[in-house]
1. In the range 113-151, how many are part of a helix (DSSP H, G or I), away from ligand 2 (no atom under 16 Å from the Cβ) and not polar (S, T, N, Q)?
2. What do you reckon, is GLU100 more than 16 Å from ligand 2 (Cβ to nearest atom), surrounded by fewer than 16 Cβ atoms within 10 Å (Cβ to Cβ) and more than 15 Å from the chain's Cα centre (by Cα)?
3. Could you check the range 11-99 for strands (runs of 3 or more DSSP E) lying wholly inside it with 1 or more residues that are over 22 Å from MET1 (Cα atoms) and free of Cβ contacts under 8 Å to residues at least 60 places away in the same chain?
4. Do you know which residues across the range 52-85 are modelled with pLDDT under 90, of a type in the set (Lys, Arg) and surrounded by 15 or more Cβ atoms within 10 Å (Cβ to Cβ)?
5. Could you please let me know if ASN102 is more than 30 Å from HIS202 (Cα to Cα), without any contact (Cβ under 8 Å) to a residue 60 or more places away in the chain and polar (S, T, N, Q)?
6. Could you run through the range 210-232 and say how many residues are more than 15 Å from ligand 1 (Cβ to nearest atom) and crowded, with 16+ Cβ neighbours inside 10 Å?
7. If you take the residues in the range 51-87 that are in contact with a helix residue (DSSP H, G or I) (Cβ under 8 Å, 6 or more places away or on another chain) and hydroxyl-bearing (Ser, Thr, Tyr), which one is farthest from PHE190 (Cα to Cα)?
Amino acid sequence: MIELKNISKIYKTNNGEIAAVKDVNLTIEKGEIFGVIGYSGAGKSSLIRLLNGLEKPSTGSVSVNGQEISSISGKQLRNARQKISMIFQHFNLLWSRTVEENIAFPLEIAGVPKQNRDTRVKELIELVGLKGREKSYPSQLSGGQKQRVGIARALANNPEVLLCDEATSALDPETTDQILELLLDINKRFGLTIVLITHEMHVIRKICHRVAVMEAGQVVEEGKVLQVFQNP
Ligand code: ADP
Ligand code: ADP
């Protein structure tokens with residue numbers, strides 16, 4: 001379970017302060033697919049960076065499965081972050097490495113021995129439907145295939161939470177649907193908690209159980225997707 005309590009994030013800039021997130025309270029259940037929707041500048045990215053400990057909140061606390069992310073650092077935070085994975089709009093793959101090397105990368109960092117790494121990479125390649133593409137480089141892949149690599153890499157160390165930062169925003173509608181189907185499948189199979197931020201209503205409607213609507217740093221509405229989007 002993910003709990004955000006009284007979270008604010010204030011950035012100091014040359015022109016003063018910007019409150020990117022203002023007093024947000026959210027509870028996301030284990031195994032849930034939770035969407036955060038809002039226009040550009042609403043505070044979605046800031047929120048997701050708070051969830052994986054990349055940023056510290058100015059006030060409030062973030063806890064993930066009982067561990068407070070907002071107050072730890074160093075090795076403790078690095079360990080906690082192995083359980084909180086992320087995929088990105090522009091995939092963030094290593095361009096000089098093949099598909100299998102990209103997927104193996106987090107396993108290498110975690111110190112997994114070569115033989116176990118190879119077995120795990122094989123499993124992941126099958127899971128995301130990239131069989132036959134092991135030796136390809138990212139530049140030889142379509143956008144959807146690149147995101148499949150991103151997903152496989154994110155799942156390598158068996159995370160408890162997957163954060164998706166506009167993960168389908170660079171993809172065409174058909175590929176978007178395929179990637180969302182894959183995320184849904186992974187959620188069902190492994191009970192993985194998924195938090196996704198997007199500016200696209202369609203993405204929320206297709207796979208999210210619940211949604212929070214953000215505006216100018218605040219959650220202005222929250223609830224089951226059908227209920228939130230029913231009202232004009
Ligand atoms: P979204 O992801 O919904 O587009 P962001 O979280 O990126 O929203 O941004 C929310 C607000 O915070 C914006 O006004 C943005 O300019 C500001 N902001 C985001 N990150 C920083 C930063 N590192 N420093 C200063 N201001 C920032
Ligand atoms: P974008 O359109 O935002 O650049 P890409 O998926 O093409 O998205 O790139 C993702 C990231 O990888 C970007 O930060 C980009 O600078 C970097 N990148 C893209 N192509 C290469 C490359 N051939 N070698 C190294 N880095 C690259």
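1. Summing the residues that are part of a helix (DSSP H, G or I), away from ligand 2 (no atom under 16 Å from the Cβ) and not polar (S, T, N, Q) in the range 113-151 gives 12.
2. Criteria not met by GLU100.
3. 16-28
4. Scanning the range 52-85 gives a single hit, ARG81.
5. So ASN102 does not fit the description; no.
6. Of the residues in the range 210-232, 5 are more than 15 Å from ligand 1 (Cβ to nearest atom) and crowded, with 16+ Cβ neighbours inside 10 Å.
7. SER70
Rundown of residues vs (1) acidic (Asp, Glu); (2) within 16 Å of ligand 2 (Cβ to nearest atom), yes/no style:
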position: ASP23; (1), (2): yes, no
position: VAL36; (1), (2): no, no
position: ARG49; (1), (2): no, no
position: THR59; (1), (2): no, no
position: GLY66; (1), (2): no, no
position: LYS75; (1), (2): no, no
position: GLN82; (1), (2): no, no
position: ASN92; (1), (2): no, yes
position: TRP95; (1), (2): no, yes
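The values are calculated or read from the model by the stated rules, or taken from the named source; none is laboratory data. All values derive from a computational prediction rather than experimental measurement. All Cβ positions, even for glycine, are placed from backbone atoms using ideal geometry, and neighbour counts span all protein chains on display.
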